[in-house]
Amino acid sequence: MDSITAFKQQQKSAWSNFAQFENATATSAPRLVAFAGVTAGTRVLDVACGTGVVALTAARLGAHVTGADLTPELVVRARHNAQLMGLSLEVHEADAEALPFESASFDVVVSQFGHMFAPRPAVVIAEMLRVLRPGGTIAFSTWPPELFVGRMFELLGRYGPPTPSGVAAPSLWGDPHIVRDRLGDDVNDLRFDRASMAADAQRAALPRIHGIRRPRAAIVGRPRCPRSAARRDAARGPRGAGGRVLS
């Protein structure tokens, strides 16, 4: 068994107990789905879907959603969650670096803290773009390397077991310069929302969202702090007609 295959087998085992932490990603899921512009009828692929938090959020909007994850225990959990919610969700046990789907099959490809753990960035981004239709959208959530979670990953990488040659640090997906380099010529007119990337202490644990709309534009940003939004909404009082709340 080569080193990359062995690494993936370790990943399967390491993520098998993630289901107990799925609520920690629930608040970010609607932000990513909204950011990606998912609507009813959209064909969506959730790469490294885990327990289906993002996939099911998209399915609630009426999108046609497919999930893919390397870990069989999480695939089972995603199917169970879909059954509990009464939603249609197709889930496959699949490697993000070898997606079992035809090219140009999806309108939107998303990943929430998932694709960043694939060992080879060039391979996983090539697969995500391959299955995306021309003019479609790819959007993903990652952790900024300079903030809390990114620094935690750095610490774990520094003192944990060494990774095989060619395996990239997950937190690098939060660096906009590296994202630009990895996307290369596959995306035209890549734009970054620098104002939303302020590294203040209140937002230190919030993810950074990257969105790419092919072939025209791309936006990178971080969502608002939920607590700050809640305080603002409380001060404003009940929303008037036409207000919209993501849930």
Picking from A34, P100, A118, whose Cα lies most toward the positive end of the charge dipole for the stretch 32-118 (charges on Cβ: Lys, Arg +1; Asp, Glu -1)?
-> A34
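By how many nm would the segment from R133 to S3 grow when fully extended, if each residue of separation counts as 0.36 nm and the alpha-carbon distance is taken off?
So the extension gain works out to 43.6 nm.
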Computed FRET efficiency, Cβ-Cβ of R60 and S105, R0 22 Å: what is it to the nearest 0.05?
-> 0.55
Solvent exposure ordering (accessible area, 1.4 Å, most first) of I178, I125 = I178, I125
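What full-extension length gain, to one decimal in nm, is calculated for T27 and A126 as 0.36 nm per residue of separation minus the Cα-Cα distance?
32.8 nm
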Could you work out how far apart the two model spin labels at A40 and S13 are, taking each label as a point 7 Å from the Cα in the direction of the beta carbon, and quote it in nm?
-> 4.7 nm
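What does the extension gain come out to for Q20 and A98, with contour length at 0.36 nm per residue minus their alpha carbon separation?
25.4 nm
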What shape does the stretch 66-160 have by the C-alpha gyration tensor, where a ≥ b ≥ c are the square roots of the eigenvalues, rounded means a/c under 1.5, and otherwise prolate means a/b greater than b/c and oblate the rest?
-> oblate
For the stretch 106-113, Karplus couplings with θ = phi - 60° (6.51, -1.76, 1.60), whole Hz, Gly/Pro x | 10, 7, 9, 10, 10, 7, 10, 6
For the stretch 13-22, in residue order, the Karplus 3J(HN,Hα) values (coefficients 6.51, -1.76, 1.60; θ = phi - 60°; whole Hz; Gly and Pro = x) are 5, 5, 8, 5, 9, 5, 3, 5, 10, 4
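Mind checking the per residue accessible area of the stretch 1-134 for me, 1.4 Å probe, whole number of Å²?
In whole numbers, the stretch 1-134 has 43 Å² accessible per residue.
Taking all protein chains in place and a 1.4 Å probe, what share, in percent, of the accessible surface of the stretch 29-185 do carbon and sulfur account for?
Answer for the stretch 29-185 is 56 percent, counting heavy atoms of protein chains only.
The values are calculated or read from the model by the stated rules, or taken from the named source; none is laboratory data. Everything numeric here is computed off the predicted structure, so don't read it as measured data. We place every Cβ from the backbone using ideal geometry, glycine too, and count neighbours over all the protein chains shown. Side chains are part of the model used for accessible areas, which takes the heavy atoms of the whole protein and leaves out ligands, DNA and RNA. Shrake-Rupley method; radii C 1.70, N 1.55, O 1.52, S 1.80 Å.
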